[in-house]
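*Asks:* The structure's right below; bear with me while I get my questions together.
The values are calculated or read from the model by the stated rules, or taken from the named source; none is laboratory data. Keep in mind the model is a prediction, meaning the values are calculated, not measured. Glycine also receives a Cβ, built like all others from the backbone with ideal geometry; neighbour counts cover every protein chain displayed. Side chains are part of the model used for accessible areas, which takes the heavy atoms of the whole protein and leaves out ligands, DNA and RNA. Shrake-Rupley method; radii C 1.70, N 1.55, O 1.52, S 1.80 Å.
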Amino acid sequence: MSSRVTRTITSARGEHPPGPNGISRRRFLGYLIAGPTLAAAAPFGIDMFTQPAAADIPSPPNPSDLYDLSDLLTDAAMPTSNLITVVVNTDGTVAFALPRAEVGQGITTAIAMTIADEMDLAIDAVTITLEDANPLLVWNQLTGGSNTMHAMFTPVRVAAALAQQQLLSAAAVVLGGLPSDFTVRDGVITAPSGQTATYGSLAKRAAVTKTTSMSVDLKAASDFTLIGTPQPRIDALSIVTGQKQFTMDLDVPGALPTMVCRPPTINGTVLGVSNIAQVQAMPGITNVVIIPTGVAVRGATFGQCIDAVDALDVTWGPGTADGASDASVLAELQNAQLPLLPTLPLLATPIQQEFTFYFASNGALETNCAIADVGPDSAEIWSSFKSPIVAQETIAENLGMLPTQVTCHVMEGGGSFGRHLFWDAALEAALVSQQVGAPVKLMWHRTDDFRQGRTHPMCTSLVRASYLGDNVLTFEQRHTSVSTNFSHGLGEIISATIADIPEGDFLAYSQTVFELSQSVPYNFGLTDQLLNEVDQGFNTGSMRNVYSPDVTCATELIVDQLAAAMGQDPYQFRRTFLQDARSIAVLDKVAEAGKWGRTMPAGTAQGLGFHSEYKGRAAALVEIDCRPATVNRKIQNAYTGPRVTKVVFAVDVGLPINPLGLQAQMMGGIMDGIAKALTYSLHIQDGIPLEGSWDNAYYTRQWNVPFDLDIIVMPPTTGVPGGAGEFGVAPSMAAVACAYARATGTMPTTFPINHNLPLGFTPLPTIPPIPEEPTNGLKYAY
């Protein structure tokens with residue numbers, strides 16, 4: 001990255017303030033698990049969080065202010081928290097099988113830090129692996145909603161503290177004396193006499209033969225040595241040296257490369273193949289089989305598979321979105337918009353605007369892939385599963401097996417952004433392996449990802465606010481979207497936890513997620529946000545931050561319009577109407593660090609964005625250059641448009657575990673927000689996206705990365721961590737949009753802003769041959 005990145009870190013050390021969600025030093029119940037060496041677990045249904053205190057605020061509380069999506073996911077995980085177990089090995093290391101998926105967000109590092117801190121270990125003495133699909137965990141194995149650290153922080157600490165307590169008791173027998181008189185450092189227990197014993201030497205002695213419940217005190221926040229300090233990723237060396245093992249790196253005996261010839265429209269069906277025998281006779285090809293999503297070929301190399309896919313002569317049946325286009329979907333959305341309230345307060349002035357947000361691919365850099373070895377009575381699957389239990393159940397059903405006959409190994413993923421909540425590649429690999437009777441290593445082509453993969457759904461957001469004098473009296477938002485698919489397990493959690501929803505009613509799932517995640521963070525009198533969803537013909541999924549970027553972008557643009565109409569500065573206006581001190585603090589921080597209100601050349605401007613979610617607060621200040629010389633730059637024959645030149649971002653996640661990892665998460669989210677505001681989308685024509693690769697879709701690139709990036713981690717405001725993985729997107733996107741409006745004098749209403757400009761690429765064909773990926777990056781250098 002060529003931009004200058006400044007990183008402001010405020011240490012999270014020190015006693016946590018006794019906030020409404022804070023955890024003071026208190027006693028917890030845990031379990032010692034019977035086994036050959038010491039194993040300790042958190043209790044069943046652990047009481048992790050107190051309820052927030054009631055607040056007397058001008059606006060009624062939003063549903064998510066009282067109970068949000070993170071609460072839902074945490075409550076669903078509680079009943080199996082007793083299965084969260086740390087194991088002490090005889091070599092002094094501690095092992096933990098993480099029931100969540102690491103897809104680059106850094107949770108393995110944060111969990112290792114938590115265990116090491118609670119047990120007074122060096123971080124490299126903690127080994128984190130990913131647990132296979134384990135139905136006993138029920139809903140404790142879904143990775144999403146930025147919930148991992150919020151839900152697991154206390155159970156993991158309880159298990160770790162209980163393990164240390166048992167080790168100290170064992171040391172008292174060996175060394176003599178009272179455990180309270182011992183000191184521990186880096187896994188070595190020292191008695192007042194100077195005698196020592198290592199964790200490893202005590203692991204067997206501390207083990208129990210019968211599972212037993214015990215109470216334990218957690219370490220005081222003032223004693224933290226790792227939590228709240230910046231730490232490099234525990235897998236950083238393996239990543240940069242190429243040693244890290246992703247799915248395609250595995251060498252499963254007999255697993256040959258496999259690819260799928262896919263339809264020319266979304267979800268098209270195979271009616272027939274005229275040349276299966278000829279293709280199967282091509283060099284290296286071992287099998288050609290028909291599966292529900294296309295025609296799969298298995299061969300000695302991926303190159304030979306591509307040649308075979310190109311040679312297939314397939315007759316395709318209709319898809320689920322045939323004939324659809326941007327224009328037709330937009331008309332469908334506008335027809336489905338829920339009505340605004342029929343009347344406005346007497347004498348109040350309304351501000352109303354409709355915004356359009358186009359489809360966007362949520363494909364990760366690691367394309368969809370899986371390895372499958374299916375036999376007559378069992379199946380073994382390797383893939384980056386974020387919802388492995390539901391994946392296991394679904395794959396088993398399609399194979400005609402019981403879930404106990406299917407093993408799903410959770411691999412670390414090269415990104416996700418919601419994509420790995422689904423198991424499309426794993427199911428395909430299993431079906432192919434079953435048909436050919438041999439292992440397969442299946443990989444999607446990049447064009448498969450963009451055209452047949454999951455997308456962030458197209459939507460509109462109609463917003464109307466009314467004001468009178470110095471007060472905002474009403475704020476209404478009608479968000480209308482192509483249906484978001486929540487069949488990856490979150491829907492089951494919703495049904496079982498808070499709602500009686502018939503199976504398959506995705507609209508009800510979507511509305512629940514919307515209500516539990518969206519809010520108006522300002523005192524705007526009567527606030528009302530409603531969702532309606534239509535059209536289930538597209539392959540959609542929970543792209544990073546789900547509804548929030550679009551909802552927040554529309555909200556913040558109207559906030560700027562209100563400020564202008566009421567004669568107030570955008571910063572001071574927000575500061576006046578924000579609902580709590582944490583919100584004001586992050587806004588003040590970016591305004592101060594970003595020098596809000598400084599004089600800037602014509603055609604450039606600053607913009608602000610604020611977002612509240614995941615038990616946290618975040619604000620962004622953006623500077624943008626919309627001058628003609630910048631807007632009219634051309635890359636790959638496309639006008640690049642405005643360039644964000646500076647971003648100042650402040651984030652309060654309650655208790656930051658690893659500020660360095662948190663900054664990395666926010667950095668990625670900021671790039672997502674810039675892309676969604678300016679350049680990144682899919683164009684739908686004749687039932688298929690025109691984009692067929694990253695080469696076509698203009699995600700934030702080197703040529704539009706901000707020159708200056710300042711990410712500020714706020715000091716602890718609660719005793720527990722909130723969400724972080726998705727938090728950077730919404731406020732960044734909103735701030736870019738607001739900066740653009742101030743720089744150009746025109747409020748944008750279509751996103752990304754560049755979407756309706758002429759295409760900067762020639763669309764790839766919708767039928768084979770599969771296009772080659774670009775190999776000469778210098779060709780596109782700016």
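*Asks:* What is the dipole size for segment 529-644, taken about its Cα centre, with +1 at each Lys and Arg Cβ and -1 at each Asp and Glu Cβ, in debye to the nearest 20?
*Replies:* Values: 13 positive and 12 negative charges, 100 e Å.
Using only the charged Cβ atoms, the result is roughly 480 debye.
*Asks:* For the peptides 441-451, 681-691, 742-752, what is the packing order when you average, over each peptide's residues, the other Cβ atoms within 10 Å and list the highest mean first?
*Replies:* 441-451, 681-691, 742-752
*Asks:* Stokes-Einstein at 20 °C, 1.002 mPa s, Kirkwood radius from Cα pairs: D for segment 184-295 in µm² s⁻¹?
*Replies:* Rounded to a whole number, D works out at 97 µm²/s.
*Asks:* Rounded to whole Å, give me the distance from the Cα center of segment 415-490 to that of segment 83-135.
*Replies:* A separation of 30 Å, based on Cα centres.
*Asks:* Could you derive backbone 3J(HN,Hα) for segment 477-487 from the dihedral phi with the Karplus parameters 6.51, -1.76 and 1.60 (θ = phi - 60°), listing whole Hz in sequence and x where the residue is Gly or Pro?
*Replies:* 9, 10, 9, 10, 9, 4, 4, 9, 7, 10, 7
*Asks:* Once you charge only the Cβ atoms, +1 for Lys and Arg and -1 for Asp and Glu, what is the size of the charge dipole of segment 626-690 about its Cα centre, to the nearest 20 debye? If you can, show how the numbers build up before the last one.
*Replies:* Working: 6 positive and 3 negative charges, 86 e Å.
Dipole size: approximately 420 debye.
*Asks:* Quick one: pull the percent of accessible area on the chain belonging to carbon and sulfur, 1.4 Å probe, ligands and nucleic acids left out.
*Replies:* About 55 percent, which is the carbon plus sulfur part of the accessible surface.
*Asks:* Hey, if you put +1 on the Cβ of every Lys and Arg and -1 on every Asp and Glu Cβ in the chain, which of THR247, TYR680, MET78 ends up farthest toward the positive end of that dipole?
*Replies:* TYR680
*Asks:* Long-range amide H contacts for MET214: which residues qualify at under 5 Å (H placed 1.01 Å from N, peptide plane, sequence gap of 5 or more or a different chain)?
*Replies:* The list, which skips near neighbours in sequence, is GLY30, TYR31, LEU32.
*Asks:* Straight-line reach from LYS386: which lysines fall under 21 Å, measuring Cα to Cα and dropping same-chain residues less than 8 apart?
*Replies:* Cα-Cα hits under 21 Å: LYS244, LYS441.
*Asks:* Per-residue accessible area for TRP703 at 1.4 Å probe radius, Å² rounded to 10?
*Replies:* Surface accessible to solvent at TRP703 totals approximately 20 Å².
*Asks:* Also: Using Cα pairs closer than 8 Å and at least 6 residues apart in sequence, work out the relative contact order for segment 603-653, in percent.
*Replies:* Computed value for segment 603-653: 37 percent relative contact order.
*Asks:* Computed over the Cα atoms, what is the radius of gyration of the chain divided by 2.2 N^0.38 Å, N being its residue count?
*Replies:* Normalised Rg, Cα atoms only: 0.97.
*Asks:* Same structure, new question: If the only charges are +1 at each Lys and Arg Cβ and -1 at each Asp and Glu Cβ, what is the size of the charge dipole of the chain around the Cα centre, to the nearest 20 debye?
*Replies:* Approximately 1820 debye in magnitude.
*Asks:* Based on the mean of other Cβ atoms within 10 Å per residue, sort peptides 707-713, 525-531, 280-286, 424-430 so the most packed one is first. Don't skip to the answer; put the middle values down first.
*Replies:* Numbers: 707-713: 20.9, 525-531: 19.0, 280-286: 14.7, 424-430: 27.3.
Taking the mean over residues of other Cβ atoms within 10 Å, the ranking is 424-430, 707-713, 525-531, 280-286.
*Asks:* Can you tell me the convex hull volume per residue for segment 135-241, based on C-alpha atoms, in Å³ to the nearest whole number?
*Replies:* 192
*Asks:* Using +1 at the C-beta of Lys and Arg and -1 at the C-beta of Asp and Glu, which of THR455, PRO765, ILE128 has the Cα lying farthest in the positive direction of the dipole of the chain?
*Replies:* Most positive-ward Cα: ILE128.
*Asks:* By per-residue mean of other Cβ atoms within 10 Å, what is the highest-first order of 256-264, 482-490, 149-157, 624-632? Walk me through the numbers before you get to the answer.
*Replies:* Numbers: 256-264: 23.9, 482-490: 22.3, 149-157: 25.4, 624-632: 16.6.
With the highest mean Cβ count within 10 Å placed first, the list reads 149-157, 256-264, 482-490, 624-632.
*Asks:* Now a separate question. Principal axis extents for segment 605-705, Cα atoms only, whole Å, descending order, please.
*Replies:* 46, 35, 21
*Asks:* Which log10 I(q)/I(0) values does segment 108-176 give at q = 0.14, 0.25 Å⁻¹ under the Debye formula, counting every alpha carbon as one identical point scatterer?
*Replies:* -0.53, -1.17
*Asks:* Still on this structure, I have one more. Relative contact order (percent) for segment 149-281, with alpha-carbon contacts under 8 angstrom and 6 or more residues of separation?
*Replies:* Relative contact order for segment 149-281 comes out at 17 percent.
*Asks:* Another question, then. Mean separation of Cα pairs under 8 Å and 6+ residues apart, divided by the residue count of the chain: what relative contact order is that in percent?
*Replies:* Answer for the chain is 17 percent.
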